[in-house]
1. Specify the residue with the greatest mean-square fluctuation among Glu241, Glu191, Glu179, computed from a Gaussian network of the chain linking alpha-carbon atoms under 10 Å apart.
2. Which of the lysines could a cross-linker span from Lys29 if the Cα-Cα distance has to be under 21 Å and same-chain partners fewer than 8 positions apart are dropped?
3. In debye, nearest 20, what is the charge dipole magnitude of the chain about its Cα centre with +1 on Lys and Arg Cβ and -1 on Asp and Glu Cβ, if you could check?
4. Over region 4-267, calculate the relative contact order: mean separation of alpha carbon pairs under 8 Å at least 6 apart, over the residue count, as a percent.
5. Strictly greater than 24 Å: what percent of every Cα pair in region 157-270 meets that?
6. Using every alpha carbon pair in region 1-127, what percent of pairs falls into each 10 Å bin from 0 up to the bin containing the largest distance?
7. Using every Cα-Cα pair within the chain, state what percent have a distance larger than 22 Å.
8. Among Lys100/Lys126; Lys8/Lys149; Lys8/Lys187; Lys100/Lys160, which pairs are too far apart, with a Cα-Cα distance over 23 Å?
Amino acid sequence: MITLSTLKKYKKEGRKFSCLTCYDAMFAKMMQNAQVDTILVGDSLGMVVQGNDSTLPVTVEDIVYHTGNVSRSNKHALILADLPFMSYVTVEDAIANTRKVMQAGAQVIKLEGGAELSEMVTTLTKAGAPICVHLGLTPQSVNVFGGYKVQGKSDDAAAKLMSDVHAVVAAGASLILLECVPASLAKAVTEAVDVPVIGIGAGADTDGQVLVMHDMLGVTHGRTARFVHDFLTDERNQKSEYAGSVEGAFALFHNSVIEGSYPQAEHQFN
């Protein structure tokens with residue numbers, strides 16, 4: 001079974017690790033068979049499962065329900081789960097909702113934000129809840145950003161992000177997730193901290209890589225993000241022992257991350 005200690009060991013050894021979003025039992029079991037290292041029960045379910053335009057309508061009860069689905073069916077991966085929009089405005093809210101989600105089976109709680117989360121991170125960590133802090137493009141703040149845009153492109157923005165990372169790590173964060181930031185900035189962050197760093201649209205130098213499951217299976221509508229690759233129709237999957245199956249796509253993603261063949265230069269922002 002993968003634990004935080006496993007991921008820290010991987011970082012020290014220079015071994016990459018894989019992460020996919022998941023929301024139900026059947027796909028969770030397939031990910032276990034494919035040996036995917038970590039699973040994120042993400043508030044992305046608001047769009048890919050519920051049909052909403054953003055992650056904002058997702059509730060704590062939604063996350064609890066889907067976390068239970070996943071945790072009952074996968075005993076291999078480290079399971080991360082989001083606290084959704086406005087569910088951790090206060091430390092008291094964060095404590096109550098973290099308890100619910102971890103009791104459903106999550107092993108790490110993911111929060112979106114920066115240095116302003118420091119007190120919350122320290123409190124939750126001391127109470128026994130490992131925290132992953134999500135920086136860069138944080139979808140719960142999409143209305144603040146004015147859309148889904150690459151973050152950290154200017155020198156000032158990059159310095160701010162680096163400062164936020166150091167603050168939350170000092171506060172006790174166990175993991176960092178960087179979304180849609182320049183590859184050079186993600187590399188600098190990864191090298192600057194001792195905790196594992198997961199990337200999505202953040203280049204190849206982060207310790208781990210995450211994708212939304214539906215995206216990497218090619219189950220998308222409209223424009224596909226630059227960092228997405230369709231592992232289901234990839235010819236390597238078609239020729240694999242899995243005969244082009246969904247489980248084969250999960251295995252191909254996992255192995256591609258480990259071997260360093262994903263992401264490529266065309267998947268990153270400069």
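What follows is calculated from the coordinates using simple rules that are stated; it is not laboratory data. These numbers were taken from a predicted model, which means no experiment stands behind them. All Cβ positions, even for glycine, are placed from backbone atoms using ideal geometry, and neighbour counts span all protein chains on display.
1. Of Glu241, Glu191, Glu179, the Gaussian network model singles out Glu241 as fluctuating most.
2. Lys75
3. 520 debye
4. Relative contact order for region 4-267 comes out at 19 percent.
5. 31 percent
6. 13, 41, 36, 10, 0
7. When all Cα pairs of the chain are counted, 52 percent exceed 22 Å.
8. Check vs 23 Å cut-off fails for Lys8/Lys149; Lys100/Lys160.
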